[in-house]
Amino acid sequence: MNNLKYVARRAVLLVLILVVCACAFVGVPTTAHGDSAGDTVTVGVSGPTADGSSTWLLAAKVVTEDGTDGWTISKEAFEQLSLSYEAQEGGEYGAYLETITRPEDGVALGYDETTGQYWQIFVNGTASDMGASSIMPTDGTVIEWKYSAYGDAATDTAKITAAVQAEASTTTSTTSTGSNFPLGPVVMVVIVAAGVVCLLLVRKKQA
């Protein structure tokens, strides 16, 4: 009887230790593959409303790895903002943005021979002399795709930053935490392990 009580106490203690270890393991944050602190880049997209009386502006923040080019970042922003676009990629000068569909009425805005408007890219408020694929933004860079004619001014960068939608304020390269780890399988493993150890202890005492 004393042996059984001893084994029972040892088994309970072992189960408690295993449960504590399992909970600690579940609570440890794990970083997704390829995740890094990266740089935060703000991307704005603006164009005229359907009646031409004003301008619409959408913006998103993209957190990306160092060395990611402006076109890759822009595509991530378009996805966050649910913007449809057409582009030619892989050309001699990199990607060329042909159209972006205006959210208001679903009209695809592309190069207009009459007005000379097209999708210009601005970096920190200055028209870029490079294609998006050649731009290497750093932390805090503000990129704007503006449907405008050559020589038109960019939107104020502070306005673009302020326009970042709350639902698009965070991005690609997220960190998952232990709370996402399935607890059920861990508990089952603990129970099975405790049972096996208890069985071994009982056999040891009986020997």
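None of the figures in this text is laboratory data; all of them are computed from the coordinates on show. Because the structure is predicted, anything quoted here is derived from the model rather than measured.
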Theoretical gain in end-to-end length, Asp139 to Ala108 [0.36 nm per residue, Cα-Cα removed]: 8.1 nm
Would you kindly state how much longer the chain becomes between Glu89 and Ala127 on full extension, computed as 0.36 nm times their sequence separation minus their alpha carbon distance, in nm to one decimal? 11.6 nm
Taking every alpha carbon pair in the stretch 45-126 and sorting the distances into 10 angstrom bins from 0 up to the bin holding the longest one, the percent per bin comes out as 15, 49, 31, 5, 0
Can you list the aspartates and glutamates whose alpha carbon is less than 14 Å from that of Lys159, not counting same-chain residues fewer than 8 positions off? Glu144
